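Remarks on the structure that follows.
The values are calculated or read from the model by the stated rules, or taken from the named source; none is laboratory data. As the structure is a prediction and not an experimental result, all values here were calculated from the model. Note that each Cβ is placed from the backbone with ideal geometry, even for glycine, and that neighbours are counted across all protein chains shown.
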Amino acid sequence: MSALPLTRPMRPLSTKSASLFLPHLTTRHASSTRRHKKLNIIPPAPSYNLSATPNSTTHSRSAKPSPRAPSATHIIFNPPSAAPSPTITPPKFLPASDPRRALYSSFTAASTRSALQSRTPLTAATGTSLASQSLLPARPSANLPPPVRGSDTYEKKYHLTDADIAEIRKLRTEDPYTWTRWRLAEKFGCSQFFVSLVVKAPEKAAEVEASHQAARDRWGNRKRMADEDRKRRMASWGR
Amino acid sequence: THYRLGKNLPFSGILFRNSRSALMDQAIAVIPRTTPLMMAVLAFQFAGCEYQPPAGDQTCFGYLTTPRTQFRPQCPLRPLQHHLSPYQQPHSCRSQSTSAGDTFPPLDADESTELSQRDDDVSIPPEALPSPPPSAALKSAKLAALHARLSLPPRLPIQTLARALVHESADPDPNFNNTSLAILGSNLLGLYTSEYLLCNYPRLPISVLFAAQSAYVGTKALALMAKEWGIESVAEPGGEVDPGLLQYRRLAAGAAWGEFAPRGTGRPNEQKGWRRGITSKIVYDDQFGDMRMTTPEPSQPVPLDIAAESFVRALMGATYLHCGRATTKRFFASHWLSRTLDLSKMFEFRTPTVDLSKLCAREGFEPPVARLISETGRASRHPVFVVGVYSGRDKLGEGAGGSLDEARVRAAVMALKSWYLYKPLDVTLPSDAEGMEPTKWKPNLVDIGEVIV
């Protein structure tokens, strides 16, 4: 298209009035390009470290090895990261009679120790699965990652008595519009799901469902299709 | 269009066969890793290639005559089969023998007239027969080529291979079609497949087991296998056509085949509105969890799949009869177990997080907690979260997703799959243990069953 390099910023017209008529475009600056390129430079995998394990015979015979050619004779093992495979059973799921229980635990302990001592990730070692992390493994004494939702110490309370449950039933049956599930859960310190287990209000549920259905019936094509796609995607999570 | 996804469904778990077309199941199962085919047809297979069986052959086929024996070996059930045969008229003038009209005297006197009548098929024109006579099998290049292509052992006679190719829709006479062989082969295939799956994957849920069984030895898989083996079919069956073709009466295009499909639930208490549950499928349905079809009339035209399936099953049965268990197992391993079937793709969980909680409670593990291992681009258009499910300090599964919920659910699915797809290290199949010393038998793991929510 043009001979100008892409890194050159698009120069706006000098006059302020002319720039008003131009579309508001984002421009790429040399500074940002250089910054992003630098971010892409990743240190090579440890097994690609050619100077660390030189092949002495090769070095002695060739006067000056090419800087690009690998001089080592070992296999470069630098697999791309992969999702964990479900065919590898976690140690907790192995039956007590399975010999892999002891093998896994001793291997994990030894590999973690050596990785932490040599400060090289597990992927550098041969024989590790492709799903092993390219970062350093966590120390055995380190805290677990934070929970996604809720707290770590969620305990069920089982604090409601038969009288409380009868009270919930009475309130919800008498006036389901005032005593919604949310309000009952707040009053008795339980979950909304528990309230729905204790007592059901089928008339109100049908009414709410009808109003939701009426709202859905007013949807246009785009919204309906987006909704169906979302549900299809959600169903695929379980596969 | 209103769905109720996940919650409040009367069941949960795996709905693979209901949710995807059966064609896809088979497509997963038929990627072959076969041994190189033997394409050469050698000259000795044509010239004087009559099968010479050993003296004490126990198979009751009439054509297995040996020059060494004085009398032709006769099946003791033959008079009985004669009475049972619904196809009386051609039966009395056809013979299973390849050397028809030979000089061997009959076994007993009262059968002599009948046998002499049967052996008198020289005068019958082949066009009058419903299927090719067994003597034509020796002259068929297609049969010899098929025998060589499948590397079948020489103990399996060409005539039996020809008989395995005759479906009952072409020839209703049970002495000449492959029905009896196909029943034996179907039972063998079912046994070998189910014991392989159950011993190697003892925790597999029953619905996945049904789907895997169908993917290995179901109708579509067997029909595809026959196609890969190069089985061609006749346009119209008859005595004069090449016996190397699959003989069956083909269903006209657009004709109804669904009248033999099962109706209702197939359960005894249908009027009470009982549904077909997973458990009752084990009792009432066939080996794939499908309802049994009503048997059509023998001469009813059938689709190609049905006829091709009966051939593959009959070949399995014939291999077992002629060559024994060891050869049959080798044949099964090289043609069925060599196929890739990704069992981890056959699951579909509706409520994976609930299932995993129930599983951990059942097994006495700490309740599972989803933990955020790493994330990137939370505020961007395409974030990625990596979530692990932990029970205590042990990680059960890991999943990645575009939202925290997706990653959490996928991690639970991965944990459940790794539970169900557990594979023991050393497995002894029960059929391999036949004839083994009892002290060498090591019992296999039997799991208590899938998680019921």
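Is there a residue being among the small types (Gly, Ala, Ser) and over 30 Å from residue A:118 (Cα atoms) anywhere in the stretch A:139-146?
Taking the stretch A:139-146 and keeping what is among the small types (Gly, Ala, Ser), we get A:141-142.
Next, only the ones that are over 30 Å from residue A:118 (Cα atoms) stay: none.
Scanning the stretch A:139-146, I find no residue that is among the small types (Gly, Ala, Ser) and over 30 Å from residue A:118 (Cα atoms), so the answer is no.
State which residue is farthest from the other protein chains (Cβ to nearest Cβ) when the search covers only the stretch B:358-385 and only residues that are farther than 27 Å from residue A:156 by Cα and surrounded by 13 or more Cβ atoms within 10 Å (Cβ to Cβ). Walk me through how you get there before you give the answer.
Going residue by residue through the stretch B:358-385, those that are farther than 27 Å from residue A:156 by Cα are B:374-385.
Filter once more, so that each one left must be surrounded by 13 or more Cβ atoms within 10 Å (Cβ to Cβ): B:374-375, B:383-385.
On the way: B:374: 8, B:375: 10, B:383: 13, B:384: 12, B:385: 8 Å.
It comes out as B:383.
How about the stretch B:262-290: which of its residues are assigned to a loop (DSSP other than H, G, I, E, B) and charged (D, E, K, R)? Spell out how you get there, then give the answer.
Looking only at the stretch B:262-290, we keep the residues that are assigned to a loop (DSSP other than H, G, I, E, B), and these are B:262-269, B:273-277, B:285-290.
Across the stretch B:262-290, the qualifying residues are B:263, B:267, B:275, B:276, B:285, B:286, B:290.
So, in the stretch A:207-220, exactly how many residues are within 11 Å of chain B (Cβ to nearest Cβ) and either outside any helix (DSSP H, G or I) or at pLDDT below 95 (or both)?
Number satisfying all stated conditions: 1.
What do you reckon, is residue B:236 at pLDDT below 90 and either assigned to a loop (DSSP other than H, G, I, E, B) or surrounded by fewer than 20 Cβ atoms within 10 Å (Cβ to Cβ) (or both)? First the steps, then the outcome.
Numbers: at pLDDT below 90: no; either assigned to a loop (DSSP other than H, G, I, E, B) or surrounded by fewer than 20 Cβ atoms within 10 Å (Cβ to Cβ) (or both): yes.
The answer is no for residue B:236.
Tell me whether the stretch B:422-445 contains one or more residues that are closer than 17 Å to residue B:203 by Cβ, within 11 Å of chain A (Cβ to nearest Cβ) and among the charged types (D, E, K, R).
Within the stretch B:422-445, one or more residues are closer than 17 Å to residue B:203 by Cβ, within 11 Å of chain A (Cβ to nearest Cβ) and among the charged types (D, E, K, R).
Exactly one of these conditions fails for residue B:252: (1) under 25 Å from residue B:165 (Cα atoms); (2) under 21 Å from the mean Cα position of the chain (by Cα); (3) surrounded by fewer than 13 Cβ atoms within 10 Å (Cβ to Cβ). Give me its number.
For residue B:252, the exception is condition (2).
When you scan the stretch A:145-158, do you find a residue that is away from chain B (no Cβ under 14 Å), surrounded by fewer than 10 Cβ atoms within 10 Å (Cβ to Cβ) and either modelled with pLDDT of 95 or more or closer than 22 Å to residue B:367 by Cβ (or both), even just one? Lay out the reasoning, then the answer.
As a first pass, look at the stretch A:145-158 and keep what is away from chain B (no Cβ under 14 Å): A:157-158.
Pick out the ones that are also surrounded by fewer than 10 Cβ atoms within 10 Å (Cβ to Cβ) and you get A:157-158.
Narrowing further to those that are either modelled with pLDDT of 95 or more or closer than 22 Å to residue B:367 by Cβ (or both): A:157-158.
Within the stretch A:145-158 (the criterion being away from chain B (no Cβ under 14 Å), surrounded by fewer than 10 Cβ atoms within 10 Å (Cβ to Cβ) and either modelled with pLDDT of 95 or more or closer than 22 Å to residue B:367 by Cβ (or both)), the answer is yes, since at least one residue qualifies.
For the stretch A:79-115, name all the residues that are assigned to a loop (DSSP other than H, G, I, E, B) and free of Cβ contacts under 8 Å to residues at least 12 places away in the same chain. Steps first, please.
To start, the set of residues in the stretch A:79-115 that are assigned to a loop (DSSP other than H, G, I, E, B) comprises A:79-90, A:94-99.
Once the filter is applied, which keeps residues that are assigned to a loop (DSSP other than H, G, I, E, B) and free of Cβ contacts under 8 Å to residues at least 12 places away in the same chain, the stretch A:79-115 yields A:86, A:87, A:89, A:90, A:94, A:95, A:96, A:97, A:98, A:99.
Taking the residues in the stretch A:92-112 that are crowded, with 16+ Cβ neighbours inside 10 Å and not basic (Lys, Arg) as candidates, determine which candidate is nearest to the other protein chains (Cβ to nearest Cβ).
Restricting to residues being crowded, with 16+ Cβ neighbours inside 10 Å and not basic (Lys, Arg), the top hit is A:93.
Determine, yes or no, whether residue B:391 is in contact with a helix residue (DSSP H, G or I) (Cβ under 7 Å, 6 or more places away or on another chain), surrounded by 15 or more Cβ atoms within 10 Å (Cβ to Cβ), assigned by TED's automatic domain parsing to the domain that holds residue B:152 and not hydrophobic (A, V, I, L, M, F, W, C). It would help to see each step written out before you state the result.
Values: in contact with a helix residue (DSSP H, G or I) (Cβ under 7 Å, 6 or more places away or on another chain): yes; surrounded by 15 or more Cβ atoms within 10 Å (Cβ to Cβ): yes; assigned by TED's automatic domain parsing to the domain that holds residue B:152: no; not hydrophobic (A, V, I, L, M, F, W, C): yes.
When the stated conditions are applied, residue B:391 does not pass them.
Just a yes or no: is a residue in the stretch B:121-129 part of a helix (DSSP H, G or I), among the acidic types (Asp, Glu) and at pLDDT 50 or above?
If we filter the stretch B:121-129 for residues that are part of a helix (DSSP H, G or I), which is where we start, we get B:126-128.
Add one more test, that the residue is among the acidic types (Asp, Glu), and what stays is B:127.
Filter once more, keeping what is at pLDDT 50 or above: B:127.
Yes, the conditions are met somewhere in the stretch B:121-129.
Go through (1) in a helix (DSSP H, G or I); (2) within 22 Å of residue B:167 (Cα to Cα); (3) without any contact (Cβ under 8 Å) to a residue 60 or more places away in the chain and name the single condition residue B:293 misses.
So the condition that residue B:293 fails would be (1).
Of the residues A:223, A:204, only one is of a type in the set (Lys, Arg), touching a Pro at 6+ places or on another chain (Cβ under 8 Å) and in a helix (DSSP H, G or I); which? Spell out the reasoning first.
On the way: A:223 fails: touching a Pro at 6+ places or on another chain (Cβ under 8 Å).
Step by step, each of A:223, A:204 is checked, and only A:204 is of a type in the set (Lys, Arg), touching a Pro at 6+ places or on another chain (Cβ under 8 Å) and in a helix (DSSP H, G or I).
Given the options B:195, B:168, name the one that is of a type in the set (D, E, K, R) and over 16 Å from residue B:307 (Cβ atoms).
Numbers: B:168 fails: over 16 Å from residue B:307 (Cβ atoms).
Within the list B:195, B:168, the selection yields B:195.
Can you pull out every residue in the stretch B:409-453 that is assigned to a helix (DSSP H, G or I) and either surrounded by fewer than 16 Cβ atoms within 10 Å (Cβ to Cβ) or touching a Ser or Thr at 6+ places or on another chain (Cβ under 7 Å) (or both)?
Within the stretch B:409-453, the subset assigned to a helix (DSSP H, G or I) is B:409-420, B:438-440.
Of everything in the stretch B:409-453, those that are assigned to a helix (DSSP H, G or I) and either surrounded by fewer than 16 Cβ atoms within 10 Å (Cβ to Cβ) or touching a Ser or Thr at 6+ places or on another chain (Cβ under 7 Å) (or both) turn out to be B:409, B:412, B:417, B:418, B:438, B:439, B:440.
Kindly establish whether residue A:196 is within 14 Å of another protein chain (Cβ to nearest Cβ), touching a residue at least 12 places away in the same chain (Cβ under 8 Å), within 36 Å of the chain's Cα centre (by Cα) and under 30 Å from residue B:371 (Cα atoms). Don't jump to the end; show me each part of the working.
Numbers: within 14 Å of another protein chain (Cβ to nearest Cβ): yes; touching a residue at least 12 places away in the same chain (Cβ under 8 Å): yes; within 36 Å of the chain's Cα centre (by Cα): yes; under 30 Å from residue B:371 (Cα atoms): yes.
Against the criterion (within 14 Å of another protein chain (Cβ to nearest Cβ), touching a residue at least 12 places away in the same chain (Cβ under 8 Å), within 36 Å of the chain's Cα centre (by Cα) and under 30 Å from residue B:371 (Cα atoms)), residue A:196 qualifies.
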